[in-house]
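Undergrad: This is the structure I have questions about; it appears just below.
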Amino acid sequence: MARHLDQTVFVAGHRGMVGSAIVRRLRALGYANILTAAHDELDLLDQAAVQAFFKHNQIDQVYLAAAKVGGIHANNTYPADFIYQNLMIEANVIQASHQAGVQKLLFLGSSCIYPKHAEQPMREEVLLTGILEPTNEPYAIAKIAGIKLCESYNRQHGRDYRSVMPTNLYGPHDNFHPENSHVIPALLRRFHEAVQRGDESVVIWGSGKPMREFLHVDDMAAASVHVMELDRATYQATTQPMLSHINVGTGVDCTIRELAETIAKVTGFTGQLSFDPSKPDGTPRKLMDVARLKALGWQASIGLEEGLRDAYGWYVEALDRTRAL
């Protein structure tokens, strides 16, 4: 496993949940030259600006964690924004990396790239074998395009651009917006506010029966760096030129009811859980097959309750900081 601690590593999207976790991981491992750029310093939608940034900086590695993300409501409301912005970000960064001679890049995608009715657990090989989930199809199409961009630059130009596809992520710096957040931050916020108000019950959308897999973002960062640092021969021996992405997950799932019960425990909520079956359940199950990643020497280490306590602690501290302003 090659680790070049003196190389300049650009983390695109360093203020997001995943990007900030990758920066933390790289620093913990001793990487000394981590390059970041806030939106007001570099607009990744601006092709000329991105190319100028890469020309100005001698970059050795790129972690492409920048993306426009959101939950079902946001994806349904702004489909054009999701496909356009994500396509532009990845196209600009990958092309600029190639033009600047950057040999190593890691693209971060999403488990939503897989068909809606994919066999569970979902193997990498089921990509492009069926219809996508309609609510986030534009986002998924953009992420699939990112994988194919990396593969195409590898095939045509001999680059070493890799892709990892995480399951549902959560942790510090997550989006806790009441309308645009994913299930874990939404429930952490709802249970926290219920405790503050002294509510006797919390209503949860759906039947509570769907099963989901959740990965703490620090595990995702550790997996990302692990995959990036693999020597090229090892990576290529486990993947294929046109099927090169790697799933990242825990390989374990739970029901939404079990998730809600754990969040109640973490937040100290002692009331009743009420499920509203009139609300949509979504896909019955979404679980990643992580055999490929395990064969490459990595597996998740942060348990769900431990991870939820960490995420909740960060949320409460963020609320305190906001009140102090």
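Undergrad: Any residue that is modelled with pLDDT of 95 or more, out of contact with any Cys (no Cβ under 6 Å at 6 or more places or on another chain) and more than 14 Å from R162 (Cα to Cα) - is there at least one of those in the range 100-109?
TA: Yes, the range 100-109 contains a residue that is modelled with pLDDT of 95 or more, out of contact with any Cys (no Cβ under 6 Å at 6 or more places or on another chain) and more than 14 Å from R162 (Cα to Cα).
Undergrad: So, restricting to strands (runs of 3 or more DSSP E) that lie completely within the range 1-84, which ones have at least 1 residues that are free of Cβ contacts under 8 Å to residues at least 40 places away in the same chain?
TA: So the answer is 33-35.
Undergrad: What are the residues in the range 203-232 that are surrounded by fewer than 21 Cβ atoms within 10 Å (Cβ to Cβ) and more than 22 Å from the chain's Cα centre (by Cα), if any?
TA: Result: V203, W205, G206, S207, G208, K209, D231, R232.
Undergrad: Please count how many residues of the range 80-113 are under 20 Å from F214 (Cβ atoms) and touching an Asp or Glu at 6+ places or on another chain (Cβ under 9 Å).
TA: Number satisfying all stated conditions: 2.
Undergrad: Here is a further query. Counting only residues that are out of contact with any helix residue (DSSP H, G or I) (no Cβ under 7 Å at 6 or more places or on another chain), surrounded by fewer than 18 Cβ atoms within 10 Å (Cβ to Cβ) and touching a residue at least 12 places away in the same chain (Cβ under 8 Å), how many does the range 176-195 have?
TA: Count: 0.
Undergrad: Separate question: Would you please name the residue that is nearest to H14 (Cα to Cα), looking only at residues in the range 110-136 that are part of a helix (DSSP H, G or I), at pLDDT below 95 and not small (G, A, S)?
TA: C112
Undergrad: Give me the pairs, please: first residue somewhere in the range 298-325 and surrounded by 14 or more Cβ atoms within 10 Å (Cβ to Cβ), second residue anywhere and assigned to a helix (DSSP H, G or I) and polar (S, T, N, Q), beta-carbon distance under 7 Å, and either six or more positions apart or on two chains.
TA: That search, which allows pairs on different chains as well, returns L304/T262; L308/T262; Y312/T267.
Undergrad: Test K279 against the criterion of being in contact with a Phe, Trp or Tyr (Cβ under 7 Å, 6 or more places away or on another chain), surrounded by fewer than 17 Cβ atoms within 10 Å (Cβ to Cβ) and in contact (Cβ under 8 Å) with a residue 24 or more places away in the chain, and give yes or no.
TA: Answer is yes for this residue.
Undergrad: Among the numbered conditions (1) under 30 Å from V9 (Cβ atoms); (2) in a loop (DSSP other than H, G, I, E, B); (3) not acidic (D, E), tell me where M220 comes up short.
TA: Result: M220 passes all but (2).
Undergrad: Quick one: which residue in I83, I72 is surrounded by fewer than 22 Cβ atoms within 10 Å (Cβ to Cβ), at pLDDT below 95 and under 18 Å from the mean Cα position of the chain (by Cα)?
TA: Matching residue, one of I83, I72: I72.
Undergrad: Another question about this same structure. Out of all the residues in the range 103-144, which are in contact (Cβ under 8 Å) with a residue 60 or more places away in the chain and over 26 Å from P280 (Cα atoms)?
TA: Hits for the range 103-144 are K104, L106, L108, E124, E125.
Each row is one residue, and each column tells you yes or no for (1) buried (at least 22 other Cβ atoms within 10 Å of the Cβ); (2) of a type in the set (D, E, K, R).
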| residue | (1), (2) |
| --- | --- |
| Q99 | no, no |
| V102 | yes, no |
| S111 | yes, no |
| Y114 | yes, no |
| Q120 | no, no |
| E125 | no, yes |
| E133 | no, yes |
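Undergrad: Collect the residues in the range 1-30 that are buried (at least 20 other Cβ atoms within 10 Å of the Cβ) and among the hydroxyl-bearing types (S, T, Y), keeping them in residue-number order.
TA: Of everything in the range 1-30, just one residue is buried (at least 20 other Cβ atoms within 10 Å of the Cβ) and among the hydroxyl-bearing types (S, T, Y), namely S20.
Undergrad: Taking the options G307, G251, name whichever one is of a type in the set (G, A, S), closer than 30 Å to Y161 by Cβ and not in a loop (DSSP other than H, G, I, E, B).
TA: Within the list G307, G251, the selection yields G307.
The values are calculated or read from the model by the stated rules, or taken from the named source; none is laboratory data. Bear in mind the structure is a predicted one, so any value in this text is a computation, not a measurement. A quick note on method: Cβ atoms are made from the backbone with ideal geometry, for glycine too, and the neighbour counts reach across all protein chains shown.
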